[in-house]
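K.L.:
My structure is below; once you've seen it, I'll send some questions.
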Amino acid sequence: MKLNGEKQESSDCSGGSKGKMTLTLALVALISAFGSSFQYGYNVSVINSPAPYMQDFYNQTYFNRSGVPMDSGFQTLLWSLTVSMYPLGGLFGSLMVWPLVNNCGRKGTLLINNLFSIAAAILMGTSEIAKTFEVIILSRVIMGIYAGLASNVVPMFLGEMSPKNLRGAIGVVPQLFITLGILVAQILGLNSILGNAEGWPVLLGLTGIPSLIQLLILPFFPESPRYLLIQKGNEEQARQALQKLRGWDNVDDEMEEMRQEDRSEKEEGHFSVLSLCTFRGLRWQLISIVVLMMGQQLSGVNAVFYYADRIFQSAGVDNNNVQYVTVSIGAINVVMTLLAVFIVESLGRRILLLAGFGLCCVSCAVLTLALSLQTTVSWMSYLSIVCVIVYIIGHAIGASPIPFVMITEMFLQSSRPAAFMVGGSVHWLCNFTVGLVFLYMEAGLGPYSFLIFCAICLATIVYIFFIVPETKNKTFMEINRIMAKRNKVEIQEDKEKLEDFHSVPGGQAEKKEISSSKL
């Protein structure tokens, strides 16, 4: 009798209504996010503070070699390469996602990825002693490849491990660590700490430490159970991984749900990027991911960060103190992303996406007004500070974290790696484009460039409102059914199959399912 009672209780839990946060799950989330996502954020902002000292080093090295000072045009080119090689590397990294996660597993990919980061950290840390600036530019590409892999594989890994009622919260953790990375780089980059002529090589080299920690600790944790069962066909290992992660022995319900997903996908096989783009059954999922990723990057978050210093200077903040203001913006970013971790399961993904992009849209519009009037109306410069803060809050609760959660949720196991590859490539390509185009846009349009961002946010809101479904607390199969209706793909068979499932013993259901999906 006791056994029966236990079984009842645990099947409730694994059914998802009470899937709880276990120590193992929490540690996997923290270690993979700290070892990978943290460094993505760290390297986004690490070269902002020591920029003048690094440019001096470029100049000095060039002068020592050739005996003539560096041409200012050449210096600008070298510096823009240093900045933009990072997102370009990110694009290359995203293109490596599909082959790596399918062949080496999710955990395996994260471990291999650490080698990129450690190599780049050593190269950047020793660049000054070696008197070579080319190595810094090369290291930025390597770090970009690292970040491109990390930004896609961590959400995939954690999303596949989480019970459905915690998937959103755990899915936001990587974004939380990205914002933490940005903040830590801003703090360490203060002039009084490492943002100076002596400290910058150390500042760049520190990025290898989280990787080293992850390389030592992550091997002791389980691989994604979905990968083990669906892609490796190893039921015993999948069951053990799931038991470790859930903290109880009876994981039958969840195993059954994975098998069901496995069976429904046997017909389709693994998706490559090309087959994903041409498959009608995933059309709206793919369009949604591309729109969300473009919205996330083209909504101007990089531009707002870039502009922030000038906005604060024009509001009368002293030049020496601007760096502290930048740190405080970084801190707001972290706090609001932390808030998103706690509210994403209660409010749902749709609300956060709509509210996030809504706040960004409004603040971009008001910011345009405030910036163009600040010379005539004295208090407008304070309004523009408020706009920057509201924008950061909007991006942190919705636009930054949720799109990656949605990729995990909208795709099943066979198409997920290809979907992350597409989403990741769009993410980094748009990031690269904004970095390249914004300086020209800003020169030509001035404050009015924010109107373009405002329009992009508005278009994204409209799309989300009409197309993107709510996915909280649903299994991957349930979400797949919602999207199948949108794709106008016949899912009548699915319903029959499910009824068969409950009424017929396993073997017959499987036979009938195969025959019905061949129809």
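K.L.:
Given (1) open to solvent by 10 Å² or more (accessible area, probe 1.4 Å); (2) in a helix (DSSP H, G or I); (3) closer than 20 Å to residue 203 by Cα, where does residue 107 come up short, assuming only one miss?
P.N.:
All conditions are met except number (3).
K.L.:
Does region 68-104 hold any residues that are outside any helix (DSSP H, G or I), over 30 Å from residue 417 (Cα atoms) and open to solvent by 50 Å² or more (accessible area, probe 1.4 Å), and which are they? If you could, list the steps in order and put the result at the bottom.
P.N.:
First, the residues of region 68-104 that are outside any helix (DSSP H, G or I): 68-71, 96.
From the residues that got through so far, the ones that are over 30 Å from residue 417 (Cα atoms) too are 68-71.
Matches in region 68-104: 68, 69, 71.
K.L.:
If you don't mind, there's one more thing I want to ask. Any idea which of (1) surrounded by 24 or more Cβ atoms within 10 Å (Cβ to Cβ); (2) within 25 Å of residue 33 (Cα to Cα) is the one residue 412 doesn't satisfy?
P.N.:
Status for residue 412: all satisfied but (1).
K.L.:
Let me ask another. Could you list, in sequence order, all residues of region 341-387 that are assigned to a loop (DSSP other than H, G, I, E, B) and of a type in the set (A, V, I, L, M, F, W, C)?
P.N.:
Residues satisfying the conditions are 377, 379.
K.L.:
Would you say residue 117 is closer than 15 Å to residue 206 by Cβ and open to solvent by less than 10 Å² (accessible area, probe 1.4 Å)?
P.N.:
On the way: closer than 15 Å to residue 206 by Cβ: yes; open to solvent by less than 10 Å² (accessible area, probe 1.4 Å): yes.
Spelling it out, residue 117 is indeed closer than 15 Å to residue 206 by Cβ and open to solvent by less than 10 Å² (accessible area, probe 1.4 Å).
K.L.:
Can I ask one more? Determine which single condition residue 239 fails, assuming it passes every other condition in (1) assigned by the TED database to the domain that holds residue 113; (2) open to solvent by 30 Å² or more (accessible area, probe 1.4 Å); (3) part of a helix (DSSP H, G or I).
P.N.:
(1)
K.L.:
Looking at residue 257 and the list (1) within 20 Å of residue 105 (Cα to Cα); (2) open to solvent by less than 70 Å² (accessible area, probe 1.4 Å), which single condition is not satisfied?
P.N.:
Here residue 257 clears every test but (1).
K.L.:
Taking the residues in region 202-216 that are open to solvent by 10 Å² or more (accessible area, probe 1.4 Å) and more than 22 Å from the chain's Cα centre (by Cα) as candidates, determine which candidate is farthest from residue 56 (Cα to Cα).
P.N.:
Checked region 202-216; the qualifying residue farthest from residue 56 (Cα to Cα) is 216.
K.L.:
Take the conditions over 17 Å from residue 459 (Cβ atoms), over 26 Å from the mean Cα position of the chain (by Cα) and either surrounded by fewer than 24 Cβ atoms within 10 Å (Cβ to Cβ) or modelled with pLDDT under 95 (or both) and apply them to residue 347. Does it pass?
P.N.:
Numbers: over 17 Å from residue 459 (Cβ atoms): yes; over 26 Å from the mean Cα position of the chain (by Cα): no; either surrounded by fewer than 24 Cβ atoms within 10 Å (Cβ to Cβ) or modelled with pLDDT under 95 (or both): yes.
Considered against the rule, which asks whether it is over 17 Å from residue 459 (Cβ atoms), over 26 Å from the mean Cα position of the chain (by Cα) and either surrounded by fewer than 24 Cβ atoms within 10 Å (Cβ to Cβ) or modelled with pLDDT under 95 (or both), residue 347 comes out as no.
K.L.:
Sticking with this structure for a sec: Just name the residue that is modelled with the lowest pLDDT out of those in region 437-461 that are of a type in the set (A, V, I, L, M, F, W, C) and touching a Ser or Thr at 6+ places or on another chain (Cβ under 6 Å).
P.N.:
Quick first cut of region 437-461, residues of a type in the set (A, V, I, L, M, F, W, C) only: 437-439, 441, 443, 445, 450-459, 461.
Now narrow it down to the ones that are touching a Ser or Thr at 6+ places or on another chain (Cβ under 6 Å): 441, 450-451, 453, 456-457.
Details: 441: 87, 450: 92, 451: 95, 453: 95, 456: 97, 457: 97.
Among those that are of a type in the set (A, V, I, L, M, F, W, C) and touching a Ser or Thr at 6+ places or on another chain (Cβ under 6 Å), it is 441.
K.L.:
Does any residue in region 190-211 that is more than 24 Å from residue 115 (Cβ to Cβ) come within less than 8 Å, Cβ to Cβ, of a residue that is among the small types (Gly, Ala, Ser) six or more places away or on a different chain, and which pairs are these?
P.N.:
190/49; 191/49; 193/199; 195/49; 195/189
K.L.:
Among 35, 19, 41, which is assigned to a loop (DSSP other than H, G, I, E, B), buried (at least 18 other Cβ atoms within 10 Å of the Cβ) and of a type in the set (Gly, Ala, Ser)? Let's see the steps before the verdict.
P.N.:
On the way: 35 fails: assigned to a loop (DSSP other than H, G, I, E, B); 41 fails: assigned to a loop (DSSP other than H, G, I, E, B).
The unique qualifying residue is 19.
K.L.:
For region 271-312, which residues satisfy the criterion of being more than 26 Å from residue 375 (Cα to Cα), within 23 Å of the chain's Cα centre (by Cα) and open to solvent by 60 Å² or more (accessible area, probe 1.4 Å)?
P.N.:
If the condition is that a residue be more than 26 Å from residue 375 (Cα to Cα), within 23 Å of the chain's Cα centre (by Cα) and open to solvent by 60 Å² or more (accessible area, probe 1.4 Å), then 274, 277, 283, 284, 287, 294 are the ones that fit.
K.L.:
Quick one: in region 329-344, of everything that is among the small types (Gly, Ala, Ser) and within 14 Å of residue 184 (Cβ to Cβ), which residue is surrounded by the most Cβ atoms within 10 Å (Cβ to Cβ)?
P.N.:
Initially, region 329-344 is screened for residues among the small types (Gly, Ala, Ser), giving 330-331, 340.
If we keep only those that are within 14 Å of residue 184 (Cβ to Cβ) too, we end up with 330-331.
Values: 330: 24, 331: 16.
If we take residues in region 329-344 being among the small types (Gly, Ala, Ser) and within 14 Å of residue 184 (Cβ to Cβ), then 330 is surrounded by the most Cβ atoms within 10 Å (Cβ to Cβ).
The values are calculated or read from the model by the stated rules, or taken from the named source; none is laboratory data. All values derive from a computational prediction rather than experimental measurement. Note that we place each Cβ from the backbone using ideal geometry, even for glycine, and neighbour counts take in every protein chain shown. The area values use the complete protein model at the heavy-atom level, side chains included, leaving out ligands, DNA and RNA. Shrake-Rupley method; radii C 1.70, N 1.55, O 1.52, S 1.80 Å.
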